[in-house]
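This report concerns only the one structure given below.
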Amino acid sequence: GTGAAARTVQDRLNETVSVADYGAIGNAIADDTAAFVNALNSLGSSGGVVSVPMGFRCLIERNLSVPDNCAKKKKKNPRGTITPSNIAGSSTAIILNPTATITLNNGSEVRDIATFRKGLQFNITSAQVATQFTGTAITLADATSDHLVSNCLILGFNNAIASAVGATNVSRSRIDGVSYDCNNGIVIENSYDVTYIREAHGWPYVTVGSTPEANGAHLKRPGSGIKLTGAHDWTKATDCFNYGYARGYYLSSADSVTLTGCGADQPPTSVLDGSIGF
């Protein structure tokens, strides 16, 4: 599409563009990466919002970098029950190739949208989880700050949200109301200014309907629900809950971290598996 021609007056006032105006198909089959890139680039240096129409399931096959001061979201945010059946069939979503990642830069955001690994299957076995959960859905670029990930569902990756590997300074991130089922939920290294994590919820959405396995193996994940490493200048995690992770919360060489109202749990098991809540 031509972009501006299809925008409403209110969209223009809000500096909002839709990926549909830039050729996104949203059928989870056609590669919509170019539409996202063009929509984001159309906003220019002043930033703005790129929206995904309700019901679109946009396939992203290549790395996608959200420029400074830009946000990506769906147009509306209906509330409802989360179950494998309606997640798989009706959610407005990014379908992300696990060889790619969505990178957030200074002041950029992802809000109000689900991100599923390409090829995600539900009600699978623990052995399938071990081989299929790969890649990082959302990456916080090194030497950047003021990222926001809000009201998102992230399923099927090795990491849901993680700072860039070897990050030296990722600051003032806000992760708010995010649910995930990945090997690791939120992994942040070296935050030199206050990072806020609020109401993060790790839960085995992908396998909660699977055939039960011995010792609840289908409900377990091998990594950490929240992992904070290196320098942390007053990172705060509030009202978070992680279920089934080998480490509910894992802090390593991290100073000035506050956990408030955070919980961890494991499925009932007859065998002590070495899992640790905190």
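The values are calculated or read from the model by the stated rules, or taken from the named source; none is laboratory data. The structure displayed is predicted, hence computed values, not measured ones. Neighbour counts run over all protein chains shown; Cβ positions are idealised from the backbone, glycine included. For accessibility, only protein heavy atoms count, side chains too; no ligands or nucleic acids. Shrake-Rupley method; radii C 1.70, N 1.55, O 1.52, S 1.80 Å.
For this structure, a couple of remarks:
- Cα-based helix-to-principal-axis angle, 33-42 vs the chain, degrees rounded to 10: 60
- Ratio Rg/Rh [Cα only; Rh per Kirkwood] for the chain: 0.97
- The chain: calculated mean residue ellipticity at 222 nm from DSSP helix runs of at least 4, using -39500 (n - 2.57): -2500 deg cm²/dmol
- Calculated FRET value between D142 and I276, using beta carbons and R₀ = 22 Å, to 0.05: 0.15
- Ligands, DNA and RNA left out, the 1.4 Å accessible surface of the range 171-235 is 53% carbon and sulfur atoms.
- Relative to the current alpha-carbon distance between A214 and R174, full extension at 0.36 nm per residue lengthens the span by 10.7 nm.
- Taking every protein chain into account, the accessible area of the chain amounts to 42 square angstrom per residue (probe 1.4 Å).
- Within the accessible area of the range 102-151 (1.4 Å probe), percent carbon and sulfur: 46
- S145 accessible area, 1.4 Å probe, all protein chains in place, Å² to nearest 10: 20
- Highest mean first, the peptides 96-104, 120-128 sorted by other C-beta atoms within 10 Å per residue fall in the order 96-104, 120-128.
- Rounded FRET efficiency, nearest 0.05, which uses the C-beta distance separating Y192 from T134 and R0 of 30 Å: 0.50
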